[in-house]
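Take a look at the structure set out below.
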Amino acid sequence: MTKLSVNLNKIALLRNSRTTTIPSVIAAAETCIAAGAQGITVHPRPDLRHIRPSDVHDLARLLSQPQYADIEFNIEGNPFAGRESNGFPGFMALVRDTLPEQCTLVPDDPFQLTSDHGWDLSGDTSALKSIIDELRALGIRVSLFMDPVAAQLERAAALGIDRIEFYTGPYADQYGDHEAVLTTFIAAGKVAQQLGLGINAGHDLNQQNLGEFCRRVGSVAEVSIGHALITDALWAGLKPTVEEYKAILEKSG
């Protein structure tokens, strides 16, 4: 069954709108896990718009407790994001300090509102390869955020990664008239499997489109969902919402 990792960025964004400690990122993680989430995801950005370095460290301490031994900590972001004067220590520094189970490398620009494309690996990838090698030497599973393009997936596999995370924004944007775009993901999923890559997925997946994606692409190891899930939780509550997403994944096989 596809595992659910809940992205807590929007919890931090709401907290950061005031000079306060609520809502608590840690309490949200505990609630999600109690409701059945198998992972926690954060995407720290250099401008500290939501998840802060202190959140990353606090979550790493929480998930190091014995009762959370089976819960995956996934840190995603641009590996080339460096130290900033606002207290951001650099993406790789955060990862080295906290040693998550998985690191998802995303080619986002500091000024992007949100991630909106996968890696283009057609150029020089030596710097990215060095980072991947370092992460794997640290015992961290490496996933690359990718579009469903066979040639790019082949280049990703050559870098020695473990998984890819499909950027599912185009599928979500076209849902309702999505057969053509979903077909590209199905074909790319087969390519990824042939290359020995695990498949993750994320971005704009929600209760309406999640089940079909996982069922038809097949062999999706994990989905990372934040914006839609936290939005749903405003009406239904966090625990029931996580339970509903888990139920969808269970039904999708």
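Only the coordinates and a few stated rules stand behind these numbers; no lab work does. Remember, predicted model here, so these are calculated numbers, not experimental data. In this analysis, Cβ positions are derived from the backbone assuming ideal geometry, glycine residues included, and neighbour counts consider all displayed protein chains.
The region of the chain that goes longest without hitting one of the trypsin sites (Lys or Arg not before Pro) in a DSSP loop, each with at most 16 other Cβ atoms within 10 Å, is 84-253. Exposure proxy for Tyr167, Tyr245: other Cβ atoms within 10 Å of each Cβ, ordered fewest to most, give Tyr167, Tyr245. Here are some pairs, Lys129/Lys190; Lys190/Lys246; Lys129/Lys251; Lys190/Lys239; which of them have Cα atoms lying more than 32 Å apart in this structure? Over 32 Å Cα-Cα: Lys129/Lys251; Lys190/Lys239. Database remark: amide H of His50 closer than 5 angstrom to the amide H of Arg45 (H placed geometrically; neighbours at sequence offset of 5 or more, or on other chains; Pro and chain starts carry no H). Computed extension gain for Val181 through Arg18, at 0.36 nm per residue and net of the alpha carbon distance, reaches 54.7 nm. Per residue, the convex hull around the alpha carbon atoms of region 30-86 comes to 85 Å³. Computed FRET efficiency, Cβ-Cβ of Thr125 and Glu30, R0 51 Å: what is it to the nearest 0.05? The computed FRET efficiency comes out at 0.85.
Near Glu243, once Lys and Arg are set to +1 and Asp and Glu to -1 for all other residues with Cβ below 14 Å from its Cβ, the sum equals 0. Tally Lys and Arg at +1 and Asp and Glu at -1 over the other residues with C-beta under 12 Å from the C-beta of Ser24: what net charge comes out? Net charge around Ser24: -2. The largest-to-smallest principal axis extents of the Cα set in the chain are 46, 41, 36 Å.
Quick check on region 134-253: take the gyration tensor over C-alpha atoms, sort the square-rooted eigenvalues as a ≥ b ≥ c, and tell me if it's rounded (a/c under 1.5), prolate or oblate. Oblate, since a/c reaches 1.5 and b/c is not below a/b.
Of the residues Val181, Val25, Val56, the one that moves most in a GNM of the chain with alpha-carbon contacts below 10 Å is Val181. What is the sum of charges around Ala81, taking Lys and Arg as +1, Asp and Glu as -1, for the other residues whose C-beta is under 12 Å from the C-beta of Ala81? Result for the local shell: -3.
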